[in-house]
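In what follows, a single structure is set out as structure tokens and then discussed.
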Amino acid sequence: MGLDIFIHTKPFIDPTAPTQEDHRLSRYFCNLMCLWDIKDINSDLQQIEDISGVDLLPLYHMSQYVYLEEDEIEFYLEEEAVSKSDRRGVLRDIRKGKKILENNIDKVLQTVTALIEKLNQVKDLPWSLASTYSEYMATKENSYFSHFTIDINKGKNNNFGQDLRNLKRFLEYAKRCGVITVWFDFG
């Protein structure tokens with residue numbers, strides 16, 4: 001068992017569409033998104049942002065905020081057992097996140113496309129990263145960041161390049177389906 005990452009959309013589209021394998025994100029990608037803003041470390045994504053020169057804030061926002069419709073907010077507050085005294089702050093944060101995420105699909109797609117283009121030019125990505133998450137891999141040669149331009153697997157053991165390409169394919173598919181807003185969920 002482990003933590004997985006899912007992409008949610010507004011309007012909703014079925015994530016179990018026939019092309020689901022083409023859109024699957026790995027647990028490594030999930031862990032990267034979860035470890036992004038841990039204080040006192042220079043996370044792999046922070047380093048990748050520096051190496052590529054691509055602002056990854058749209059991806060960060062997708063992992064930090066949840067998009068809830070007004071009728072879902074009360075259910076969320078009850079589900080999360082938010083106390084009456086904390087509700088005002090939680091409501092403010094929910095509405096702030098919703099505003100940040102609203103209509104973000106084009107910006108996210110541009111970000112992912114630019115990141116892929118830049119990292120395709122980096123010959124030795126694993127060796128360009130100081131060890132953080134990547135130190136958990138057996139060796140740099142076999143790490144999640146190796147062979148960026150090659151899809152090495154299907155499903156939960158993708159490499160970073162494959163995860164980005166899968167995300168891009170999903171965003172393009174979602175856009176064709178009329179999606180305007182996307183965000184990550186973890187479970």
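Some values worked out for this structure:
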item	result
Residue pairs meeting the criteria (Cβ under 6 Å; at least 6 apart or on separate chains; first free of Cβ contacts under 8 Å to residues at least 60 places away in the same chain, in the stretch 39-68; second of a type in the set (Ser, Thr, Tyr) and part of a helix (DSSP H, G or I))	Pro58/Thr111; Leu68/Tyr76
Test: residue in the stretch 82-96 that is within 30 Å of Phe148 (Cβ to Cβ), small (Gly, Ala, Ser) and at pLDDT 80 or above	no
Unique match (being acidic (Asp, Glu) and exposed (fewer than 13 other Cβ atoms within 10 Å of the Cβ)) among Glu49, Glu72, Glu102	Glu102
Residue count for the stretch 73-110, restricted to those that are free of Cβ contacts under 8 Å to residues at least 12 places away in the same chain, outside any helix (DSSP H, G or I) and not polar (S, T, N, Q)	3
Looking only at the stretch 62-72, and only at residues there that are within 17 Å of Leu91 (Cα to Cα) and assigned to a helix (DSSP H, G or I), the one that is modelled with the highest pLDDT	Gln64
Within the stretch 81-99, considering residues that are over 19 Å from Thr181 (Cα atoms) and of a type outside the set (Gly, Ala, Ser), the one surrounded by the fewest Cβ atoms within 10 Å (Cβ to Cβ)	Lys84
Selection within the stretch 10-33 - touching a strand residue (DSSP E or B) at 6+ places or on another chain (Cβ under 8 Å) and at pLDDT below 85	Pro15, His23
In the stretch 36-55, the residues that are more than 29 Å from Cys177 (Cβ to Cβ) and at pLDDT below 80	Asp37, Ile38, Lys39, Asp40, Ile41, Asn42
Residue in the stretch 111-124 that is part of a helix (DSSP H, G or I), without any contact (Cβ under 8 Å) to a residue 40 or more places away in the chain and in the same structural domain as Gln47 (by TED's automatic domain parsing) present	yes
Criterion: modelled with pLDDT under 90, out of contact with any Phe, Trp or Tyr (no Cβ under 9 Å at 6 or more places or on another chain) and either more than 14 Å from Leu32 (Cα to Cα) or not in a helix (DSSP H, G or I) (or both) - qualifying residue of Thr139, Thr149	Thr139
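The values are calculated or read from the model by the stated rules, or taken from the named source; none is laboratory data. It should be emphasised that the depicted structure is a prediction, and the values quoted were computed from it without experimental measurement. Note that we place each Cβ from the backbone using ideal geometry, even for glycine, and neighbour counts take in every protein chain shown.
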